[in-house]
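Below you'll find the structure, written out as structure tokens, and then a few comments.
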Ligand SMILES: Nc1ncnc2c1ncn2[C@@H]1O[C@H](COP(=O)(O)OP(=O)(O)OP(=O)(O)O)[C@@H](O)[C@H]1O
Ligand SMILES: [Mg+2]
């Protein structure tokens, strides 16, 4: 292998920063970021300037082939920030990445100008620049996708908090259907709201339905056990309904003792609950047929 | 043992654990596991993933569809570079927890799988391998 000459990209970017910014901005004028209304030209100018300033700093101190390193932290932070800002606008990852990729053209122009008489050197430098910009572009689209996931997760959480799912089924009986993944703060929210309902309604029985819970592992089990214990302290007994057969088997293998009454369905649980508070459910026909005899 | 399909997943956040459960379930469905077997391997994966995150300080999962003769199954290898487990025997005891869990994750997962291997060195890290045959 020929000895690798240090790249001049950092020096060039430092020396021609202003020119680079101007031709980059010129290229982006008609980009889909602007066309979609996600950013106006002033904001784009601001973003581009900030990017170049971080880019410049990273180049000066760091290596071109390790954008995961500490020297590139500023650039990465900017790109994550930028992606987060864009995530609200319904753009595609490729539109976002284009922001970075469009820097190639002015950067290549600088290099071609610098090395017009040294084809060997030019191709080496172009190659380095390509690798660098590509990896930054890729990083941007990944960061963008991650921010979009974050937006969705946050929206789901907000929705869950808004819809307190605890219902009073009957005087003295409250029920909460648990749905989805239980190992986040969500469980906490739902459990607290159940306990709150027990207090405000003076319920004697709380039905926790887990039909909508895909996996019951030790963490979920522990949440259930704690809730049952807390409800008991507030004077309410719990019934767990909706334990599907495969979940029941798995819980047994895990070795978890739920030590609480359970019923296959919410309807069975309600029937048991009504009986416990001294009400009975009968077929409508039965009392009608029986009443004349009295 | 032949590996027919392989993927690596990060275990760095609570969302990763959700993603792992989803992925393991879809591989188990693809491998035509029964509903009970799907639930068992997904639950075991959830346990070990959470240990990797909570005690191992994060790590990764190598998910593999394997074949040995006529048998097919899933192999899950969780590894971390955390503090390691000083007393493996004790960690595998039902009810032992150094945190505030139920202490059933390791022992329970062992019962949920057909093969279970735990390697750990204090100061080096922990690797847990689970295999569930179809
Ligand atoms: N990857 C790991 N690195 C270091 N220590 C671990 C690791 N996995 C498990 N341990 C240790 O083993 C103990 C037992 O683990 P186990 O999963 O059985 O119980 P737990 O996580 O404490 O509670 P549970 O899983 O029931 O919620 C843990 O408390 C912890 O001390
Ligand atoms: Mg555990």
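Please find, among A:44, A:33, A:25, the residue that is surrounded by 15 or more Cβ atoms within 10 Å (Cβ to Cβ), within 21 Å of residue A:147 (Cβ to Cβ), within 33 Å of the chain's Cα centre (by Cα) and free of Cβ contacts under 8 Å to residues at least 24 places away in the same chain.
Working: A:33 fails: free of Cβ contacts under 8 Å to residues at least 24 places away in the same chain; A:25 fails: within 21 Å of residue A:147 (Cβ to Cβ).
That would be A:44, the only listed residue that is surrounded by 15 or more Cβ atoms within 10 Å (Cβ to Cβ), within 21 Å of residue A:147 (Cβ to Cβ), within 33 Å of the chain's Cα centre (by Cα) and free of Cβ contacts under 8 Å to residues at least 24 places away in the same chain.
Which of the residues that make up region B:82-115 are away from ligand 2 (no atom under 11 Å from the Cβ), within 11 Å of chain A (Cβ to nearest Cβ) and part of a helix (DSSP H, G or I)? Across region B:82-115, the qualifying residues are B:110, B:111, B:112. Filtering region A:90-110 down to residues that are more than 13 Å from residue A:48 (Cα to Cα) and part of a loop (DSSP other than H, G, I, E, B), which residue is modelled with the lowest pLDDT? Going through the qualifying residues, I end up with A:90.
Within region A:199-216, the set of residues being out of contact with any helix residue (DSSP H, G or I) (no Cβ under 6 Å at 6 or more places or on another chain) and either at pLDDT below 85 or over 15 Å from residue A:242 (Cα atoms) (or both) comprises A:199, A:200, A:201, A:202, A:203, A:204, A:212. Within region B:30-58, which residues are in contact with a strand residue (DSSP E or B) (Cβ under 8 Å, 6 or more places away or on another chain) and within 7 Å of chain A (Cβ to nearest Cβ)? The answer is B:40, and nothing else. Considering only residues that are within 13 Å of residue A:260 (Cα to Cα) and within 16 Å of ligand 2 (Cβ to nearest atom), which ones fall in region A:208-222? Correct list: A:221, A:222.
Looking across region B:100-117 at every residue that is more than 8 Å from ligand 1 (Cβ to nearest atom) and either over 19 Å from residue B:41 (Cβ atoms) or under 10 Å from the mean Cα position of the chain (by Cα) (or both), the one that is surrounded by the fewest Cβ atoms within 10 Å (Cβ to Cβ) is identified as B:117. Looking across region B:70-99, the residues that are surrounded by fewer than 20 Cβ atoms within 10 Å (Cβ to Cβ), touching a strand residue (DSSP E or B) at 6+ places or on another chain (Cβ under 6 Å) and more than 21 Å from residue A:254 (Cα to Cα) come down to B:71, B:79, B:81, B:84.
Close Cβ contacts (under 8 Å, 6 or more residues apart or on different chains) running from residues in region B:112-134 that are over 19 Å from residue B:89 (Cβ atoms) to residues that are part of a loop (DSSP other than H, G, I, E, B) and within 11 Å of ligand 1 (Cβ to nearest atom) are absent.
In the set A:196, A:128, which member is away from chain B (no Cβ under 14 Å), modelled with pLDDT of 85 or more and out of contact with any helix residue (DSSP H, G or I) (no Cβ under 9 Å at 6 or more places or on another chain)?
Numbers: A:128 fails: out of contact with any helix residue (DSSP H, G or I) (no Cβ under 9 Å at 6 or more places or on another chain).
None of the others qualify; the one that does is A:196.
The values are calculated or read from the model by the stated rules, or taken from the named source; none is laboratory data. Keep in mind it's a predicted model, so treat the numbers as computed, not measured. Methodologically, a virtual Cβ is constructed for each residue, glycine included, from the backbone with ideal geometry; neighbour enumeration extends over all protein chains shown.
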